[in-house]
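Here, each number is a calculation from the coordinates, and none is a lab measurement. Here the structure is a predicted model, which means the values were calculated and not measured. Cβ placement follows ideal geometry from the backbone for every residue including glycine, while neighbour counts extend to all protein chains displayed.
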Amino acid sequence: MSNYPEYMVAPMRDELVQAGFEQLMTAAAVDQALQRPGTTLLLVNSVCGCAAAGARPGVTAALASGLKFDHLVTVFAGMEKEATQQAREYFEGAMPSSPQAAILKDGQLVHLLQRTDFLGHEPEAIAQTLKAAAAKLAAV
């Protein structure tokens, strides 16, 4: 059961799908996706203002400027609750927040951006933060 009508969240989903993200709708799909080898960017999408003003545009700006991952996946908080809960199991004890952006390598968390990393930050700044975090992948 979801909190929001699908017609309301469809444009928010589409924004990420258009950027190349795969939607994970079940807990099993989350495990399958996050256990793939390579680098994964997982965005916990949300209807909140900081997702609309910061997270989605910041992440898509980073990707548009050349940031690359082997896999791009997303879950939607407040919609696919079991999938979102399962995704957060990979966040190693971090408090749940929405939105969140996790960088994983071979299923292991490398970096996690929380709501506070998006709230009040311009998309360009978020893109730079994400790029800097991804640059650390070489050291992992």
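Helix-only estimate, please: 222 nm mean residue ellipticity of the chain, summing -39500 (n - 2.57) across DSSP H runs of length 4 or more and dividing by its residues, to the nearest 500.
My calculation for the chain gives -11000 deg cm²/dmol from helical runs alone.
Can you tell me how the range 6-133 classifies by the Cα gyration tensor, rounded, prolate or oblate, using a/c under 1.5 as the rounded cut?
rounded
Rounded if a/c is under 1.5, else prolate if a/b is larger than b/c, else oblate: which is the range 37-95, with a ≥ b ≥ c the root eigenvalues of its Cα gyration tensor?
Oblate.
For the residues SER46, SER65, what sequence is obtained by ranking on other C-beta atoms within 10 Å, fewest first?
Listing SER46, SER65 from fewest to most nearby Cβ atoms yields SER65, SER46.
Just tell me which lysines come within less than 28 Å, Cα to Cα, of LYS81; anything on the same chain fewer than 8 places away is out.
Reachable lysines: LYS68, LYS105.
Residue-wise, which Karplus ³J(HN,Hα) couplings in Hz belong to the range 100-112, taking 6.51 cos²θ - 1.76 cosθ + 1.60, θ = phi - 60°, and x for glycine or proline?
9, 10, 10, 9, 10, 10, 6, x, 10, 5, 9, 7, 9
So for ASP14, ASP31, fewest C-beta neighbours within 10 Å to most, what's the order?
Final ranking by Cβ density, sparse to dense: ASP14, ASP31.
Quick one: of the DSSP bridges fully inside the chain, what percent are antiparallel, nearest 5?
60
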